[in-house]
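The structure appears below as structure tokens.
The values are calculated or read from the model by the stated rules, or taken from the named source; none is laboratory data. It should be emphasised that the depicted structure is a prediction, and the values quoted were computed from it without experimental measurement. When we count neighbours, we look across all protein chains shown, and the Cβ atoms used for this are built from the backbone with ideal geometry, even at glycine.
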Amino acid sequence: MAGTDRPAGLAGNRERTTGSDPATDGLSVFVVGGAVRDALLGLPAGDRDWVVVGATPEQMSARGFVPVGGDFPVFLHPVTREEYALARTERKSGRGYKGFTFYTGPDVTLEDDLGRRDLTINAIAQAPDGRLIDPYGGEADLRARRFRHIGPAFAEDPVRILRLARFAARFADFTVSPETLALCRRMADEGEVDALVPERVWRELSRGLMQEKPSRMLQVLADTGALPRIAPELVMDDGLPGTLDEAARRGLPLASRYALLCVRSPDVQALGRRLRASNDCNDMARLLQLALQDLPRVDRDADRALTLLERSDALRKPERFEALLRTANLLTPLDTERWMAWRNTVAAVDAGAIAARHASQPAGIRDAVRAARIAALQARMEEAD
């Protein structure tokens, strides 16, 4: 196994894996995966994942670790609550990403465990003394800014195509190696992607949309042939990827980015059902299409402007309405501040007082309130002129 010096970003790991920690003293433990990768890239390290080699579940429990794993043994550190997993191998036993049998015996080596991972850049470990264990050339691929799968076992888990696409959105200057791209295409052609459950697709897709360059995720999914299989209702035009990247640059929330993704799709409800998209994302997708239909017809027409405010539920949900305006502004020029002023004008109409005046004719309350709102809105529009 290849070994190099410890990355500076993980300098604290040595203290955590020596005798200063009674829970891990004497265990063979390693930091693995994303924390090592990000430290080598000079990025802030997030949550650390640990692998324990040569131990049994009974030994972990005796040290105070709390078991939390389902399919394979994972434990929470008794103090830090970080996750420690026993080194494991896996064997394909069925279709889809759940069709695996895991083995976690004490004879499983670190290299065995790293070999079951997806990409070489995610298969680097750090030893207690700071050495990097890199049996599959992940550090070289980091330097080359390259995504490369470890081996043929990559094809056994279709979630890995989604993860690859998400990583492409996060690390925008990386390229996918030709052999990895070819393998992903073969997986899609053979229908392995069809076994993905919607919840897992949504998890990876939503995370990818929130990365620096969401267009890269879509490009990888399209290049592999996975996109039409996981989202056949999705319709995109040439401008959509750039629009999504601009939404990311402006820091728009997930609901806005998802709405932009869906904006050209004729059946956004069917798409949302297929992907199991969250309610706020589905609502924004629906409202964006409505707004884009109504906005060109407003042109300082108080009646039509009020109709748009009503259909968008702007009076009850002003924050969402403002987010809708900022999202729509990526596709059509509009004055967000002016629209929010119109919304506030309508909200200021005292509907309760109007209802009281029409107490003897309750059937007319709704029309009276709407008429008052239109009058107030028209006055505001004329005042602005």
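Scanning region 129-145 for residues being surrounded by fewer than 19 Cβ atoms within 10 Å (Cβ to Cβ) and of a type in the set (D, E, K, R) gives a total of 4.
In region 177-195 there is no residue matching the filter, namely being outside the structural domain of Leu119 (by TED's automatic domain parsing), closer than 30 Å to Thr307 by Cβ and in contact (Cβ under 8 Å) with a residue 12 or more places away in the chain. For Asn329, the test of being under 16 Å from Ala285 (Cα atoms) and either more than 41 Å from the chain's Cα centre (by Cα) or of a type in the set (S, T, N, Q) (or both) is passed.
Just to check your reading of the model, which residue among Arg311, Arg326, Arg320, Arg297 is free of Cβ contacts under 8 Å to residues at least 12 places away in the same chain and among the basic types (Lys, Arg)? Please lay out each step first, then the result.
Values: Arg311 fails: free of Cβ contacts under 8 Å to residues at least 12 places away in the same chain; Arg326 fails: free of Cβ contacts under 8 Å to residues at least 12 places away in the same chain; Arg320 fails: free of Cβ contacts under 8 Å to residues at least 12 places away in the same chain.
When all the criteria are applied, what remains is Arg297.
Go through region 164-184 residue by residue and tally those that are crowded, with 17+ Cβ neighbours inside 10 Å and either at pLDDT below 95 or among the β-branched types (Val, Ile, Thr) (or both). The number of residues fulfilling the criteria is 2.
For Ala285, state whether it is part of a helix (DSSP H, G or I), within 23 Å of Ser206 (Cα to Cα) and touching an Asp or Glu at 6+ places or on another chain (Cβ under 9 Å). First the steps, then the outcome.
Details: part of a helix (DSSP H, G or I): yes; within 23 Å of Ser206 (Cα to Cα): yes; touching an Asp or Glu at 6+ places or on another chain (Cβ under 9 Å): no.
It is false that Ala285 is part of a helix (DSSP H, G or I), within 23 Å of Ser206 (Cα to Cα) and touching an Asp or Glu at 6+ places or on another chain (Cβ under 9 Å).
Taking the criterion of being in a helix (DSSP H, G or I), within 29 Å of the chain's Cα centre (by Cα) and crowded, with 20+ Cβ neighbours inside 10 Å, the residues of region 109-121 that qualify are Asp113, Leu114, Thr120, Ile121. Once region 295-328 is narrowed to residues that are assigned to a helix (DSSP H, G or I) and polar (S, T, N, Q), the residue that is modelled with the lowest pLDDT is Thr307. The residue pairs whose first member lies in region 364-385 and is under 16 Å from Glu310 (Cβ atoms) and assigned by TED's automatic domain parsing to the domain that holds Leu306, whose second member is of a type in the set (S, T, N, Q) and at pLDDT 95 or above, and whose beta carbons are closer than 7 Å, counting only pairs six or more residues apart or on different chains, are Ala376/Thr345; Leu377/Thr345. The residue of region 348-363 that is farthest from the chain's Cα centre (by Cα), among those that are more than 15 Å from Leu377 (Cβ to Cβ) and part of a loop (DSSP other than H, G, I, E, B), is Ser360.
Could you tell me whether Asp299 is surrounded by 14 or more Cβ atoms within 10 Å (Cβ to Cβ) and among the acidic types (Asp, Glu)?
Values: surrounded by 14 or more Cβ atoms within 10 Å (Cβ to Cβ): no; among the acidic types (Asp, Glu): yes.
The answer is no for Asp299.
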